[in-house]
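First comes the structure, then the notes that go with it.
The values are calculated or read from the model by the stated rules, or taken from the named source; none is laboratory data. Keep in mind that what you see is a predicted model, and the values were worked out from it rather than measured. Please note: Cβ atoms are built from the backbone with ideal geometry, for glycine as well, and neighbour counts cover all protein chains shown.
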Amino acid sequence: MPLETKNILEAIKEAKDKSKKRKFTQSIELIINLRDVNPKKPQEKIQELIELPHPPGKENRICVIASGEMALKAKRAKADLVIEKGELGAMMGDKEKQKELAKSYDFFIAEAPLMPLVGKILGATLGPKGKMPTHVPPTAKIAAHMKRHRKMVLLRTRGQPVLQCRVGAENMSDEKIAENVQAVIGRVEAKLKRGLKNISSVSLKTTMGPSIKIRM
């Protein structure tokens, strides 16, 4: 059973009200504390890519790794970076360039035939960050995949029973943020053995504001 929307809306309003005005648009972060979950056990780790109903404020930066027609289509669709096969091969052994790539882009999409090469060259850099590319067939509509990835968040445990992700920005409507929160909670609930019973608390906060608990 998902959280009540009115409780989420109350927490969003309080988080915004209690946050001091800054010279930048603050993100709205969702924090989920888990109980009776040990993320150090492989079977209890959580790593999910979730497409939100609404873009969560800051636009995700997308890197597409492709060749030929798909590379051209990705460039036309305004991918933030397109890496072709030759450019990918040139990164072999260049750890600094690989780290910079992983740091600069939120999500990666790769043409399926290139995935073995992607794994060989970038796997050790992207894998631990949860950024291994989504692989798509050469005939895929890359623009549609990019559009979906613009609205995605990565949710993962990092050794502690806590999940955190951006669900909006302070200039978004409370209703849109609430819909994004519900999408994340619904996905997490489905992943947990005991659903909401495995969640001890859910909070919202602006980038630099206090944490506000959502009534459960």
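Which residue, of T125, T134, is touching a strand residue (DSSP E or B) at 6+ places or on another chain (Cβ under 6 Å), among the hydroxyl-bearing types (S, T, Y) and within 28 Å of P42 (Cβ to Cβ)? Steps first, answer last, please.
On the way: T125 fails: touching a strand residue (DSSP E or B) at 6+ places or on another chain (Cβ under 6 Å).
Going through T125, T134 in turn, the sole match is T134.
Before we move on, is A140 of a type in the set (A, V, I, L, M, F, W, C), assigned by TED's automatic domain parsing to the domain that holds F108 and either crowded, with 19+ Cβ neighbours inside 10 Å or farther than 15 Å from E51 by Cβ (or both)? The answer is yes for A140.
Within the stretch 112-119, the presence of a residue that is of a type outside the set (V, I, T), touching a strand residue (DSSP E or B) at 6+ places or on another chain (Cβ under 8 Å) and more than 30 Å from G93 (Cα to Cα) is excluded.
If we scan the stretch 143-155, do we find a residue that is small (G, A, S), farther than 29 Å from V118 by Cα and modelled with pLDDT of 95 or more? No, because not a single residue in the stretch 143-155 is small (G, A, S), farther than 29 Å from V118 by Cα and modelled with pLDDT of 95 or more. With respect to the conditions (1) farther than 28 Å from P161 by Cβ; (2) assigned to a helix (DSSP H, G or I); (3) assigned by TED's automatic domain parsing to the domain that holds A190, L9 lacks only one, and its number is (1). Of all residues in the stretch 157-193, count the ones that are at pLDDT below 95, touching an Asp or Glu at 6+ places or on another chain (Cβ under 7 Å) and over 13 Å from L52 (Cβ atoms). Number of matching residues: 1.
The residues in the stretch 14-67 that are outside any loop (DSSP other than H, G, I, E, B) and over 13 Å from G168 (Cβ atoms) can be counted, and the count is 18. Within the stretch 106-130, track down each residue that is surrounded by fewer than 19 Cβ atoms within 10 Å (Cβ to Cβ) and either assigned to a strand (DSSP E or B) or under 17 Å from the mean Cα position of the chain (by Cα) (or both). Residues satisfying the conditions are D106, G127, P128, K129, G130. Comparison of G93, G89, G68 shows that the only residue that is surrounded by fewer than 18 Cβ atoms within 10 Å (Cβ to Cβ), at positive phi and in contact (Cβ under 8 Å) with a residue 24 or more places away in the chain is G68. Which numbered condition trips up L101, out of (1) without any contact (Cβ under 8 Å) to a residue 12 or more places away in the chain; (2) in a helix (DSSP H, G or I); (3) in contact with a helix residue (DSSP H, G or I) (Cβ under 9 Å, 6 or more places away or on another chain)? All conditions are met except number (1).
Being farther than 29 Å from A110 by Cβ and either of a type in the set (K, R) or not assigned by TED's automatic domain parsing to the domain that holds M115 (or both) is a property that I32 has. Of the listed requirements (1) part of a helix (DSSP H, G or I); (2) buried (at least 18 other Cβ atoms within 10 Å of the Cβ); (3) not acidic (D, E), G168 misses just one: (1).
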